[in-house]
Structure formats: C-alpha cells, structure tokens
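Below is one structure, written out as structure tokens; comments come after it.
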Amino acid sequence: MRRDVFQAIADPTRRAILVLIASQAMTPNALADHFDTTRQAVSKHLRILTECELVNPAPAGRESYYHLNADRMKIIDQWLSQFKSMWEDRFSELDNLLSTIKSTPK
C-alpha cells in the first residue's frame, strides 16, 4: 500500500523522527532512545515513512540505518509554497496598516 506523504507527516512522532534523521542517519534502536515508546512502535513509524519514501533504510551488518530522502520532502515544500505568497501579501498589508497607524497623529 502506497501511503500519502501528508499522512506520514500528520503524526508528531514521525515528524520528530524526520527531524532526528535529517541531521544524521540513525538505527531504530537509536531513534527509540529519543522517545517514550517501544522500538516496535518506532519501527512501525519507520515503515510508514519508508512506504512514503521519506526515509531510506541502508543495511549495515545486522542493523539498518535510516536516511532522510530530502528530494521527497520537496512535495511538502511545493504544497506549502502555494500559501507562501498569500502569507507574504497578508504580512505586507499588516505592515502597511501598522505604518499608517504609527504615522497618524494622536
């Protein structure tokens, strides 16, 4: 089953895993040390992230190290970019309003 990237990042634990893996590849055991949960629960989150291709496992001996797939994160960035101009426009309008209020004599 192919999962949607947005389903994967909807969970706060999976977002935290992505943040941890972004700085360095980690094993499920190393990741589990950062959470108040079992290694099996972390493995389930990693399976979902792998299905979405947000992380890639790299076997190394008896362990697998999970790496962030930054290219796949571009889907999220592209979706968010449609809102960026809207936010920038609203902030500009707010700046203009605040400037007008500041310059108005009391």
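The values are calculated or read from the model by the stated rules, or taken from the named source; none is laboratory data. Note that the coordinates shown come from a computational prediction; the quantities given were computed from them, not determined experimentally. Every residue, glycine among them, receives a Cβ derived from its backbone with ideal geometry; neighbour counts consider all protein chains shown.
A compact table of results
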quantity	calculated
Residues (aromatic (Phe, Trp, Tyr) and over 19 Å from ARG15 (Cα atoms)) located in segment 61-100	PHE83, TRP87, PHE91
Close pairs from segment 70-86: first free of Cβ contacts under 8 Å to residues at least 24 places away in the same chain, partner assigned to a helix (DSSP H, G or I) and among the polar types (S, T, N, Q), Cβ under 9 Å, at least 6 apart	none
Residues of segment 1-22 classified as of a type in the set (A, V, I, L, M) and touching a residue at least 24 places away in the same chain (Cβ under 8 Å), total	8
Of residues in segment 1-36 being under 23 Å from GLY61 (Cα atoms), of a type in the set (Gly, Ala, Ser) and assigned to a helix (DSSP H, G or I), the one nearest to the chain's Cα centre (by Cα)	ALA22
Positions within segment 52-81 being of a type in the set (D, E, K, R) and either under 15 Å from the mean Cα position of the chain (by Cα) or at pLDDT below 90 (or both), in sequence order	GLU53, ASP71, ARG72, LYS74, ASP77
Residues (surrounded by 15 or more Cβ atoms within 10 Å (Cβ to Cβ) and in a helix (DSSP H, G or I)) located in segment 45-72	HIS45, LEU46, ILE48, LEU49, THR50, GLU51, ARG72
Residue that is nearest to HIS45 (Cα to Cα), among those in segment 82-93 that are surrounded by 10 or more Cβ atoms within 10 Å (Cβ to Cβ) and under 29 Å from the mean Cα position of the chain (by Cα)	LYS84
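So that you can scan it fast, the table gives a plain yes or no per residue for (1) of a type in the set (Phe, Trp, Tyr); (2) touching a Leu at 6+ places or on another chain (Cβ under 9 Å):
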residue	(1), (2)
PHE6	yes, no
PRO12	no, no
ILE21	no, yes
THR38	no, no
ARG47	no, no
GLU53	no, no
ASN56	no, yes
